[in-house]
C-alpha cells in the first residue's frame, strides 16, 4: 500500500514517544500486580507403607498467595531423612531399602512440605484369580499378586514379583503376570515370588465346545458401528470371552466390515451375517441389518448474524448424517425463535426482525436433533468502516454508538461504499487488488473477492445503474463493476502518473469525478458510456477526497499537498475557487450535506475537521477529531458526521447542527480509512 503524505511524520512522532516512554518507565503509571508467591507445599500421597524393594511416586503441590495451586514436583528439592530406609530421586520417586520409617521432604524457596514413608517386609502373597480355566490355543489370563506386609498393610506386587509356570506346555506366564495358553489341555501352577515369599494359583486349559456371538440380530444406521462379543463355552462347561482371540467374518463386506476385535462398520444399506471362529469352532451367525443413515447434527447458517429493524434474513439448515453425508434440510426442520419480539421466523426459515433491539436464538429441530445460532437485531442505521491495518470492516450501530460487528475482508481494506437497494457494501482491498462484497443484512462476506486494478482505493456505487466504480491507484485506471454479477465489465484508462485516489458520483448527470493524486487534477467520466468526458480539471496539489452535491451542482476536492479545497462547478465544469485551510492540515476526506449547505473536510495532519459554508465558500469552524482523520461520511437522518481516525483507531461523531463532537470516540479496527453510512 502506498503511504500517505503524513505517514512518515506520524511514524517518527510515534517512535519518538516510544523512546521517551521507555526512558521514563512508561510514565510511572504501571499498576501490574507482583507475581504470586509460594506459601505452602503439600506432599502426596500421605503416610504410605510399601514393601522393601518396591517404589512409590510422590508429588509436590504448591499453594500460592493468589489462591492458586500448582504441581511443582520437578521444581522442588527432594530429601529423605533416612537414606538407609528409603532413597528419593529428583523426580520424587522413592525406593524402599530396609524396614523402617523416613520423612520425605519437598523444598522450594525456603518453603517445605513433608510426609512419612514406612517400608516393611512381606509376610505373604496371594494370587488372584486363584483358580481359573481358559481355552487352549493362545488365549490369556491376567494374574495379580497382592502382598501382605508384616505390619498388616497390603500392596500390589504384580510388577515386582517373579512369575513362573510349573508346566510351560500348558501355559506360559510373563513378567507382568499375563499367562498365555499353549495347545495342550492340562493344569499348571502359576507362582509369584518376592522377598522370600510365594503365592500360588492353578490354571487349567481346555478345548472350546461352542461359541455364541451376541447381539444376535442387531440393526444399525448406515455409517455407524456395532460391537459384537464372542463367548466360548469350554468342554468343562466354563465360559470365556473369546472376542479378541476369535477370527471374525462378515458374509457381505460391501455392506459391513468387521475388524479383529469384533467391531463392525456399516457401509451400505442391507444385511450381512457375522460369525466368529476359534480353535476350529464356528459360532452362530448373527444377522446385522443396516438401515438408512440417521441425522446426527444440524448446522444453522449464517452463524450469529446481525440485522436491522424490520429486515428479513433467510436461514438455512444443513444436516449431517451417521454416514458423514450432508444435505439441505431447511424445508423439513421446525424453525423457532426464542424471542419473537426481537425476531420471528417462519416455517421456511425466513426471519423477520421486529423493532426491539437484542438477541434471540434461532433453532432448527428435527426429531431429537437441534441446531441453533444467535440473531442480533439493531436499530437499523449503520456505519461501515474500512480498517486497513487489521484487514477488517467495522459495523457501527448509530443508535448505540457501538461497534456491533467486525468483518474480515481482504488485505488492507481502504475504501468502502454502500449499495442500499441491494443491501451490499463494497470494500477495496489495497494490497490484494480486489474488492470484497458484504451483505449488510447479515454482515457477512458474500462470494469471492472481485479482481480489479492495482492498489484499489476509492470506490463509489450507483445503485440505480447497478454499477460500482473503483479508483486503482497504481495502474492509473478505474474499474467498472456490474453489481448484479459482481464482475468487472470495463476498465477506464487515465493519464499515466495520475495515481487516482478517490471517486464520487453524480448519478443525475451521469458523471463520476476521480481525484488524480499524482498530477493534481480531477478526471470526469461519463457513466452512461463509461468513457472519459472532456479534459481533466486542474485542482490543488495531491488531491485525495472528493464529494459531489447535485442540488447545488458543485464538487469539492480535498488537496492534501497544497492544504486547499477546490470547488468545481459540475455544469461547466470549471473551478469556482480554492479555499485555503490552515498550514499543515493536509486535507484528506470530504463530505457534503444532502442540502448542499455545508462541507466537512478531514485534516489528516492536524487531527481536525474543517467546516465550510457553501454559500460563500468560507471556513466557518474547525472541530477537533482524533489522530490522523481520513474518511468522513454524513448521516442526514440524524444530523451526524462520522470521521475515521486512522491514527487513533476510532471514529469521531460530530453533531452537524452544532458542529461539535458528541460522546466518546467509537473504537474500531486498526488504521480506519474509508467510511460510509447506510442511509
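Restricting 299, 351 to those that are closer than 30 Å to residue 264 by Cβ, part of a strand (DSSP E or B) and touching a strand residue (DSSP E or B) at 6+ places or on another chain (Cβ under 6 Å) reduces the list to 299.
Checked against the criterion of being without any contact (Cβ under 8 Å) to a residue 60 or more places away in the chain and outside any strand (DSSP E or B), the candidates 84, 62, 53 yield just one match: 84.
Taking the criterion of being surrounded by 17 or more Cβ atoms within 10 Å (Cβ to Cβ), over 47 Å from the mean Cα position of the chain (by Cα) and part of a loop (DSSP other than H, G, I, E, B), the residues of segment 549-582 that qualify are 553, 570, 573. From the list 236, 219, 152, the lone residue that is modelled with pLDDT under 95 and loosely packed, with under 15 Cβ neighbours inside 10 Å is 236. Evaluate segment 552-560: report whether one residue or more is farther than 29 Å from residue 627 by Cα and out of contact with any strand residue (DSSP E or B) (no Cβ under 7 Å at 6 or more places or on another chain). Yes: segment 552-560 contains one or more residues that are farther than 29 Å from residue 627 by Cα and out of contact with any strand residue (DSSP E or B) (no Cβ under 7 Å at 6 or more places or on another chain). Counting only strands (runs of 3 or more DSSP E) wholly contained in segment 166-277, the ones carrying 1 or more residues that are under 30 Å from residue 154 (Cα atoms) and in the same structural domain as residue 143 (by TED's automatic domain parsing) occupy 171-173, 178-181, 186-194, 197-206. All of 22, 18, 60, 40 fail the test of being surrounded by 11 or more Cβ atoms within 10 Å (Cβ to Cβ), modelled with pLDDT under 95 and within 43 Å of the chain's Cα centre (by Cα), apart from 18. Of all the numbered requirements in (1) touching a residue at least 60 places away in the same chain (Cβ under 8 Å); (2) surrounded by 15 or more Cβ atoms within 10 Å (Cβ to Cβ); (3) outside the structural domain of residue 173 (by TED's automatic domain parsing), residue 97 misses one, and that requirement is (1).
The values are calculated or read from the model by the stated rules, or taken from the named source; none is laboratory data. On a predicted model such as this, the values are computed, not experimentally measured, just so you know. All Cβ positions, glycine included, derive from the backbone under ideal geometry; neighbour counts span all protein chains shown.
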